[in-house]
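Engineer: The structure under discussion is supplied below as structure tokens; questions concerning it will follow.
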Amino acid sequence: MIRINKITIIILFLIVLVPDLKLLAQPSFERGNMGMGIKREGPSIGEIKSISSDEIVVDLSGKTQTIRILPDLKINKEIGRSTGDIKIGTNLLVFGEQDNGNRIKAILIKILTEGIPAMPGGLEGRSGPLTGKVVQLTPIIKIDSMDGEREVDVSGLKKVIEEVAADIKEISVGTKIRFLGHPGKISRVIIIPSQPEVASRDQERESMNDSGNMSHLPMPTTPTVSLFKKESMDRTKDSPFGFKDAAMLRMDILSWYDDYGKAMNDLGVYWMEPVGSFAFSWEQVQRKIQDGYTPFTWDRYDRLIRNAHAQNIHISGDIQAREPLITPIKRRPSSLPKDLAGYQNFVSAVVERYDGDGVDDMPGLLYPIKHWKIEDEAMAKIYFNGTGEDYARIVNVAYDAVKSADSSATVILSMIRGYDGYMDDNPKAFMEAFFKEFSRLSKVRKWDIFDQHWMALDSNIPDEKEYLEIKKYMNDVVITSKRYGYELAPFWAMEVAGVLMSTETAHAADLFKRFIYALSVGVKKMFWSGLAERPSHRSTERDDPLGKATLINAQGNKKLGYYTFKKMVELLDGSDLNNVQTTKEGSDVYVFRFMKNNKPVWVMWNDGKAAAKERIAVEPGTSKMKVVEIVPAYESGKDVKDYATAFKPYWKAVKSGFFEIEVGSVPVVITVD
């Protein structure tokens, strides 16, 4: 199984390849083009302080890091090359600005050596780094990229490099290195040439956040037929099931997935949080001018909402404080606005436009938007370039602005508790700083919901147990909130995804466990990370974890997880989420009881290798129970011909008031006949 943290570390390594080059044009407002869950500004860079036969001690600007020299530690080095080293068949990673056609103006080219990791697949967008094999050298270099042939203009090229294998003997005291991995195990060391020096943090951040203009952003289509029914929207408003970024193809934030509504309606899922390029960002609706701001322009958001409502899909909005500028610069993450009054006005305006109260509403608005999150993963520098204190100040004014426009609206606090096991010295630091500053600003809680994401980032946790970790994160937030005197708020999990599973069966089972366990510990609404993967353009494209977490693959085929998700919704939507009981946990076997329409629904699974027998007491008068394995018994979803026959339920008799069943690795759902 491929670990997500390793992939994102590789990406961050590429960000700091060369100084003074504003190389990356990957948009910063969505994890899609940056890999999964980047939680720090870059990989660790330092200078060798001492070296022995079994360890290297690195000076990190006053701090030290010890790297154990293990047999699987990889040592590489960067060496300078020229365009003369580029041959037909050479694999390249090209950084530079792409035009609207098929050409990229190269600033840096990295020759990809076999066996040396490069940019993970699924990360090329319409701007930014491209990977491909050279198919032509003259009169212009052409590469076969995942999006077809691309011309490489080298007229402005500043550097060609190659990373090659090196020997531990090439490292000595004073050598500058970049190292990748997690604190418990550094997996790779790259020797950095003494000249030129590595880019500064400011340069890294600027290169990461290149700006695209609005014309490059996807425009939602206008449905020719509206299926909108207010009674349907009313009926599904409390459903716990949803998707993050369903309207884009994973992982291309510049895409529009027009079939998302059809797929969601088939799944029975009617909630979506659009982030990516559809976060409600201040800079997307206004521009700064000398005496203030331009009028608001809402067209993209209006079209998005019309499209969703025409398909009876609720939207939870994400508000981002990316302050407008007179001259657009490199695309950047949100930060504490200098003009907080202007920011408040923007927040109030966006909530007012979509609140459905008849005052300054979007023309033709069919259903109000009542849920607004302030930023997305504020604890991550790649999405919010500020401190916990800065985020507290934003929330303090944003809450007031939301409530002034719509007192019945719900304000959602972005994820503030960082991920464990991901090269973060103190993943609770941002959360602590937030609460400390907020307690100074207000003694009254100014959020209605906590958002706690959960994805597979901690390589110290076994794959089959990672779904359990969300409880620890929630407990940390609860304890800290109580310590600062704030009334507890309910939890949503607005982005959930798992490890990159080796089989579709394992992927589907992991998806189901994440939903069930989170609901059992009090999460009220959950959004799976993505619906459909973007199409592949070549067989050599590398796996992208968030793309692979989706329910529809790059070829347009529904995975087993699609059918599992649909069956989960069918069996459990409408359950009383305030009455979910965990009757067994703490070992390999987990047993939960939901109540739906005043009838029990039992859920069981076994993380162990050996099957286990379970016995549950049932209501008097029950003669038999219906059992459904939640994952269809096929190798892949492509083999499923019809949802109606995809699952093979069976009935089993109740004996003396008890129901006995042997539980294996595939979760089962048990209902009263």
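Engineer: Between a residue in the range 69-98 that is within 13 Å of residue 167 (Cα to Cα) and among the acidic types (Asp, Glu) and any residue that is part of a loop (DSSP other than H, G, I, E, B) and at pLDDT 80 or above, which pairs come within a Cβ distance under 9 Å, given they are 6 or more apart or on different chains?
Structural biologist: 78/192
Engineer: Quick one: in the range 632-673, of everything that is of a type in the set (Ser, Thr, Tyr) and out of contact with any helix residue (DSSP H, G or I) (no Cβ under 8 Å at 6 or more places or on another chain), which residue is farthest from residue 465 (Cα to Cα)?
Structural biologist: 656
Engineer: Taking into account only those residues within the range 174-194 that are over 28 Å from the mean Cα position of the chain (by Cα) and among the small types (Gly, Ala, Ser), which is modelled with the lowest pLDDT?
Structural biologist: Applying the filter and picking the extreme gives 194.
Engineer: A follow-up question, please. Of all residues in the range 324-367, which are under 16 Å from residue 298 (Cα atoms) and in contact with a strand residue (DSSP E or B) (Cβ under 9 Å, 6 or more places away or on another chain)?
Structural biologist: Result: 324, 345, 346, 347, 350, 351, 354.
Engineer: Quick one: in the range 62-73, of everything that is under 30 Å from the mean Cα position of the chain (by Cα) and more than 10 Å from residue 181 (Cβ to Cβ), which residue is surrounded by the most Cβ atoms within 10 Å (Cβ to Cβ)?
Structural biologist: 65
Engineer: While we're here: What are the residues in the range 565-582 that are in a helix (DSSP H, G or I) and either hydrophobic (A, V, I, L, M, F, W, C) or farther than 15 Å from residue 669 by Cβ (or both), if any?
Structural biologist: 565, 568, 569, 571, 572
Engineer: Moving to a separate point now. Can you list the helices (runs of 4 or more DSSP H) lying wholly within the range 221-318 that have 2 or more residues being more than 16 Å from residue 369 (Cα to Cα) and open to solvent by 50 Å² or more (accessible area, probe 1.4 Å)?
Structural biologist: 260-267
Engineer: Which residue out of 567, 524, 609, 559 is among the basic types (Lys, Arg), under 27 Å from residue 472 (Cβ atoms) and surrounded by 15 or more Cβ atoms within 10 Å (Cβ to Cβ)?
Structural biologist: 524
Engineer: Considering only the range 639-663, state which residues are open to solvent by 30 Å² or more (accessible area, probe 1.4 Å) and touching a strand residue (DSSP E or B) at 6+ places or on another chain (Cβ under 8 Å).
Structural biologist: Residues satisfying the conditions are 648, 649, 650, 651, 652, 653, 657, 658, 660, 662.
Engineer: Okay, moving on. How about the range 375-409: which of its residues are under 18 Å from residue 489 (Cβ atoms), open to solvent by 30 Å² or more (accessible area, probe 1.4 Å) and in contact with a strand residue (DSSP E or B) (Cβ under 9 Å, 6 or more places away or on another chain)?
Structural biologist: Residues satisfying the conditions are 399, 403.
Engineer: Given (1) more than 37 Å from the chain's Cα centre (by Cα); (2) more than 24 Å from residue 565 (Cα to Cα); (3) touching a residue at least 24 places away in the same chain (Cβ under 8 Å), identify the lone condition not met by residue 625.
Structural biologist: Checking residue 625 against (1) more than 37 Å from the chain's Cα centre (by Cα); (2) more than 24 Å from residue 565 (Cα to Cα); (3) touching a residue at least 24 places away in the same chain (Cβ under 8 Å), the one that fails is (2).
Engineer: Now for a different question. Between a residue in the range 469-495 that is in contact (Cβ under 8 Å) with a residue 24 or more places away in the chain and open to solvent by less than 30 Å² (accessible area, probe 1.4 Å) and any residue that is among the basic types (Lys, Arg) and in a helix (DSSP H, G or I), which pairs come within a Cβ distance under 9 Å, given they are 6 or more apart or on different chains?
Structural biologist: Listed pairs, sorted by first residue: 470/514; 493/514; 495/31.
Engineer: Can you confirm whether residue 135 is buried (at least 18 other Cβ atoms within 10 Å of the Cβ) and at pLDDT 85 or above?
Structural biologist: no
The values are calculated or read from the model by the stated rules, or taken from the named source; none is laboratory data. Source: prediction; values computed, not measured. Glycine also receives a Cβ, built like all others from the backbone with ideal geometry; neighbour counts cover every protein chain displayed. Surface accessibility is based on the protein's heavy atoms, side chains included, excluding ligands, DNA and RNA. Shrake-Rupley method; radii C 1.70, N 1.55, O 1.52, S 1.80 Å.
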